[in-house]
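What follows is a set of notes on a single structure, which appears directly below.
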Amino acid sequence: MYKNVKRLSFVMMIFLIIIGIYINLNKNTGMINFQDDTENEITIIVWNKVLETEIPSFISILDYYIPKFKEENNVEVRYEIVYANTYEDFIKKRNFKLYQKNGPTLIPIVRNGINEKILERYVKSGVALELTDKISYLSKIYDGLKEEKVYYVPIGMSYTAMVLNKNLLDKFVIEEPNFDWTKEDYLNIKEKWLSLEPRHFTKRDYIDIVKGPLYELKLIDDNNKIKLNTLEVKNFIKNARSKIFSDSYILSKDFSYKDYYKIFVEGIVTPEWEKAMRFYKSIERECLVSTLGVNIFETQQISEKIDRENVLILPEVIEGNNNFYTWGFIVNKHGKNVEKGIEFVNGLLNDDIQFLMYNAGALTGNFYPVNKDIQNKIEKLDIKYSYNEKAIKLKMYILDMLRKCNIKPYSFDTVIHQELYDMLHRDLFKFIFADKPYTDEKLSRELQKLEHKYNMWLNE
């Protein structure tokens, strides 16, 4: 046995010597190379929860495109999965990987107000590669999606519309609004609805009373200072509170202050959120506007909804462009095989791949193609499947707005504005939903504290 061990040790020593020579030759001459497993590979960094849940996402079209790209380009494409319990934890772990040499090649991102800061950070820190002259199919996308400098390439888009209960409109003998209706038109209709009897307070009412009007406040003055301890902000709080706690609304006794915060502000799936959604679904027939909107671009589903239910589907007029967003890719400047990654993203804008996102009359992953050159093919498909004319006209109205650049997939002028309103949305909640209203003196003190905190944040 001792001899066997001795012989094995000798063999291992010879093997290590050979390996050492191999490595030395590689370093000194560059003539000998081991096969690099990542030589023909690109990776897409994703959160494990995106793959594990049935949340509508970009994954569905990639399930088809990845094998096709691999076969045509002899490039392995795989997901680099980041395991995290929360989205914030995922972002931290993803950021760590993005600064490593030969890190993930591609960063998928849903571009909405929440992610604007993330995108800006990646641009400023040098993570995002400028793609302005590197993506040949950018000329195919709608004008409203184009930017002077391109760091993010949109692949699909979504626009959440308002769903009105037409039974109530008929009851009020109100003529159907056109697609170009205004916020004032909607609020006049809602006022008539509220005048009949008290209504359950829902997330839609929160949007109308708090979220929408909040974004209309001017909070940064000409000297780039945040002003919160103002008559405008105080009146906003008082008006919102007076409407919510008026005789027009019924606040559920089953929901506490914390429950409402989780439902309206955090907006994440929690037991409280699920409970609220079940409740809102149960009273949907009584509501003027459905709690959950629909994607205007889902022609098949909207057509079926119009045919099946007595509803009127119109563009959003309270939240502006906050309901319009895209998903797409950032190419990581530090990633492996960047050129192959660029080819991958460019290929997703190809006519055939984009058409597949709308193929067989069903929108794939809830995102509509951003390629305007295939619109004629889509229109022929809509005719073939005999979709409701109203559903088709609504989609065409939004696409025409996008061609004319009258809508964009984000509504804030700067990331600073977006983050400011997001923070304020959270901080003002306690003033609006407090059991007892704040006195003017106490409200001034609290707003002054917030103003000081926000200005420090602004100057960081």
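Data table
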| item | result |
| --- | --- |
| Single condition Leu129 does not satisfy, out of (1) closer than 19 Å to Phe367 by Cβ; (2) in contact with a Gly (Cβ under 9 Å, 6 or more places away or on another chain); (3) at pLDDT 90 or above | (1) |
| Selection status of Ile383, open to solvent by less than 10 Å² (accessible area, probe 1.4 Å) and either modelled with pLDDT under 90 or assigned to a helix (DSSP H, G or I) (or both) | no |
| When residues of region 226-244 are limited to those that are in contact with a strand residue (DSSP E or B) (Cβ under 9 Å, 6 or more places away or on another chain) and touching a residue at least 40 places away in the same chain (Cβ under 8 Å), the one least open to solvent (accessible area, probe 1.4 Å) | Ile226 |
| Unmet requirement for Phe179, which otherwise passes all of (1) over 30 Å from Thr270 (Cβ atoms); (2) of a type in the set (A, V, I, L, M, F, W, C); (3) surrounded by 19 or more Cβ atoms within 10 Å (Cβ to Cβ) | (3) |
| Selection count where residues are assigned to a helix (DSSP H, G or I) and open to solvent by 90 Å² or more (accessible area, probe 1.4 Å), scope region 71-85 | 2 |
| Some residue of region 402-414 being under 29 Å from Leu312 (Cα atoms) and part of a helix (DSSP H, G or I) | yes |
| Residue match in region 80-87 (condition: farther than 19 Å from Thr43 by Cα and either within 18 Å of the chain's Cα centre (by Cα) or modelled with pLDDT of 90 or more (or both)) | yes |
| Every residue from region 86-96 that is surrounded by 17 or more Cβ atoms within 10 Å (Cβ to Cβ) and free of Cβ contacts under 8 Å to residues at least 40 places away in the same chain | none |
| Failed item in (1) among the charged types (D, E, K, R); (2) within 24 Å of the chain's Cα centre (by Cα); (3) more than 30 Å from Ile342 (Cα to Cα), with Lys171 passing the rest | (2) |
| Residues within region 97-155 that are open to solvent by 70 Å² or more (accessible area, probe 1.4 Å), of a type in the set (A, V, I, L, M, F, W, C) and in a helix (DSSP H, G or I), tallied | 0 |
| Number of the exception - Leu196 against (1) more than 22 Å from His425 (Cα to Cα); (2) crowded, with 18+ Cβ neighbours inside 10 Å | (2) |
| Selected residue (criterion: modelled with the highest pLDDT) from residues of region 356-380 that are of a type in the set (Val, Ile, Thr) and assigned to a helix (DSSP H, G or I) | Ile374 |
| Out of Asp247, Asp222, sole residue that is open to solvent by 30 Å² or more (accessible area, probe 1.4 Å), in a loop (DSSP other than H, G, I, E, B) and touching a residue at least 12 places away in the same chain (Cβ under 8 Å) | Asp247 |
| Residues within region 250-272 that are open to solvent by less than 60 Å² (accessible area, probe 1.4 Å) and either charged (D, E, K, R) or under 20 Å from the mean Cα position of the chain (by Cα) (or both), tallied | 7 |
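Every residue, every condition in (1) out of contact with any strand residue (DSSP E or B) (no Cβ under 9 Å at 6 or more places or on another chain); (2) more than 25 Å from Leu106 (Cα to Cα); (3) modelled with pLDDT under 95, yes or no:
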residue	(1), (2), (3)
Ile135	no, no, no
Glu147	yes, no, yes
Tyr159	no, no, yes
Leu164	no, yes, yes
Pro177	no, yes, yes
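The values are calculated or read from the model by the stated rules, or taken from the named source; none is laboratory data. Computed from a predicted structure; not experimentally measured. Reconstructed Cβ throughout: ideal geometry from the backbone, glycine too, with neighbour counts over all protein chains shown. The accessibility values were calculated without ligands, DNA or RNA, using every heavy atom of the protein model including side chains. Shrake-Rupley method; radii C 1.70, N 1.55, O 1.52, S 1.80 Å.
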